[in-house]
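Throughout, read-outs are computed from the coordinates displayed, never taken from laboratory work. Bear in mind that the values here come from a model prediction, so they are computed numbers and not experimental data. Cβ: placed from backbone, ideal geometry, glycine included. Neighbour counts: every protein chain shown.
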Amino acid sequence: MATNITTSYAGLTLKNPIIAAASPLTATADQCRELEKAGVAAIVIKSIFEQSIAHNAHRLADMQSHGEEADYLDAYIGEQMIGEWRTTLREIEAATTIPIIASIACHTTEAWVRYAKIATEERMDALELNLMNIGLASKRTDNGTIEQQFIDAINAVRSVSTLPITVKLAVNLTNPASLAERMKACGVKGIVLFNRPYPIDIDIEKREYIAGHTLSCLSDLSTPLRWTGLLSAEVSNIDYALSGGVHTWQDVVKAILAGASAVQLCSTLYNSGLSLVQTMLHNIAEWQEAQNEETLEGYRGKMNASKEEYANELKRIQYLHFKA
Ligand SMILES: Cc1cc2nc3c(=O)[nH]c(=O)nc-3n(C[C@H](O)[C@H](O)[C@H](O)COP(=O)(O)O)c2cc1C
């Protein structure tokens with residue numbers, strides 16, 4: 001039997017379900033060329049962060065001058081950084097033939113619109129809006145306000161771009177299902193579950209915040225697997241990409257069974273190198289053959305919450321019969 005591992009995600013046809021997630025591994029044209037050669041089906045370019053552009057421009061300008069001159073320099077450096085990002089998108093687009101997704105992370109409507117326009121002009125295949133809520137949380141913010149800001153950002157982007165819009169969500173949301181439904185109504189085509197913010201830790205001797213475990217581990221798969229299983233049943237006709245803790249080919253199969261159309265890999269590429277992609281693809285195809293699954297679509301979502309037996313497992317929170 002000839003097995004078919006093609007899939008479709010957010011309107012893009014992918015030759016297999018493996019997408020390289022946004023990270024420093026996807027920052028340059030050379031790296032993206034290598035990722036394509038390694039066999040990934042699509043690439044999400046490292047995010048452009050409005051806040052870090054503003055912060056870095058401000059810092060550099062402050063180091064070199066003061067007052068009005070610093071303000072001028074600040075704006076000038078910011079513009080240069082955005083120009084460099086545009087050049088990177090152009091170079092990546094020219095260096096690759098697989099779908100390329102531009103990731104943007106903003107706070108102001110002005111920046112969402114501007115970055116989305118640039119990505120569209122540079123012929124990206126889709127947009128990934130990096131919607132993190134950590135910096136927005138405050139006791140003065142009513143429930144639902146942050147979600148509304150996400151919806152506003154999507155609408156602003158949609159008003160200036162015809163590219164398929166995908167969103168990468170944070171894990172700490174109150175009700176991802178209602179948010180996913182609202183996003184779908186705004187025209188969002190794909191949802192990435194979930195982003196992994198920069199992990200922090202504390203050095204208790206120096207009393208300093210330090211980097212935590214930058215890369216994910218095997219147990220990190222549990223949360224995105226659960227929410228993919230729940231959401232793909234609850235909010236259908238929108239695609240899901242699972243991100244977080246996918247380290248082996250078996251994890252890819254699990255993600256598909258739970259309802260994902262694709263997975264996004266990052267940590268495992270850092271740990272094992274790009275040759276892992278071919279091994280994964282080979283093993284997925286072999287598994288499909290052994291299971292008599294001609295296509296990936298044939299088993300996608302077969303273990304999501306639309307079946308009661310699986311819904312019970314996915315919604316289970318208590319630890320029954322645990323023995324240490
Ligand atoms: C060093 C590093 C940099 C990252 N940079 C970005 C980024 O620019 N934008 C983004 O959306 N996610 C970023 N991520 C998150 C990854 O895209 C991915 O969602 C996360 O690491 C979970 O997947 P994994 O378990 O395969 O690592 C980064 C992750 C790492 C480890």
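Sort F322, F194 by Cβ crowding within 10 Å, fewest neighbours at the top.
Values: F322 6, F194 21.
Ordered by Cβ neighbours within 10 Å, fewest first: F322, F194.
Under a cut-off of 17 Å between alpha-carbon atoms, report the lysines in cross-link reach of K139, not counting same-chain residues fewer than 8 places apart.
Reachable lysines: none.
Find which of G298, L89, I18 sits farthest along the positive direction of the dipole of the range 7-315, computed with +1 on the beta-carbon of Lys and Arg, -1 on that of Asp and Glu, about the Cα centre.
Of the options given, the answer is G298.
Using a simple spin-label model with points 7 Å from Cα along the Cα→Cβ vector, what separation in nm is obtained for N312 and T97?
5.0
Give the residue from A126, T174, V246 lying farthest towards the positive end of the charge dipole for the chain; charges sit on Cβ (+1 for Lys and Arg, -1 for Asp and Glu) and the dipole is referred to the Cα centre.
The one lying farthest along the dipole's positive direction is T174.
How would you order 125-138, 77-90 from highest to lowest mean count of nearby Cβ atoms within 10 Å?
Packing proxy ranking, top to bottom: 125-138, 77-90.
Tell me what the chain gives for mean residue ellipticity at 222 nm when only DSSP H runs of n ≥ 4 count, each as -39,500 (n - 2.57), the sum divided by the residue total, rounded to 500 deg cm²/dmol. Numbers along the way, then the final one.
Values: 11 runs with 145 residues, N = 324.
That calculation yields -14000 deg cm²/dmol at 222 nm.
Taking the Cα atoms only, what angle lies between the long axis of helix 67-95 and the longest principal axis of the chain, rounded to 10 degrees?
Approximately 30 degrees, to the nearest 10.
Cα axis of helix 249-258 to longest principal axis of the chain: angle in degrees, 0 to 90, nearest 10?
The angle comes out near 80 degrees.
Which of T26, T295, T166 ends up with the largest GNM mean-square fluctuation for the chain, with Cα atoms connected below 10 Å?
Residue with maximal mean-square fluctuation among T26, T295, T166: T295.
Pick from R196, R59, R140: which is most flexible by mean-square fluctuation in a GNM of the chain where alpha carbon atoms under 10 Å apart are linked?
R140
Ranking Y76, Y198 by Cβ neighbours within 10 Å, fewest first, what do you get?
With the sparsest Cβ surroundings first, the list reads Y198, Y76.
If you stretched the chain out fully between E34 and E84, how much longer would it get, using 0.36 nm times the residue separation minus the C-alpha to C-alpha distance?
15.9 nm
Angle check, please: helix 222-234 long axis (alpha carbons) against the longest principal axis of the chain (alpha carbons), in degrees 0 to 90, nearest 10.
So the inclination is approximately 80 degrees.
Can you give me the distance in nm between label points at C217 and Y76, each placed 7 Å from the Cα along the Cα-to-Cβ direction?
About 4.9 nm, to one decimal.
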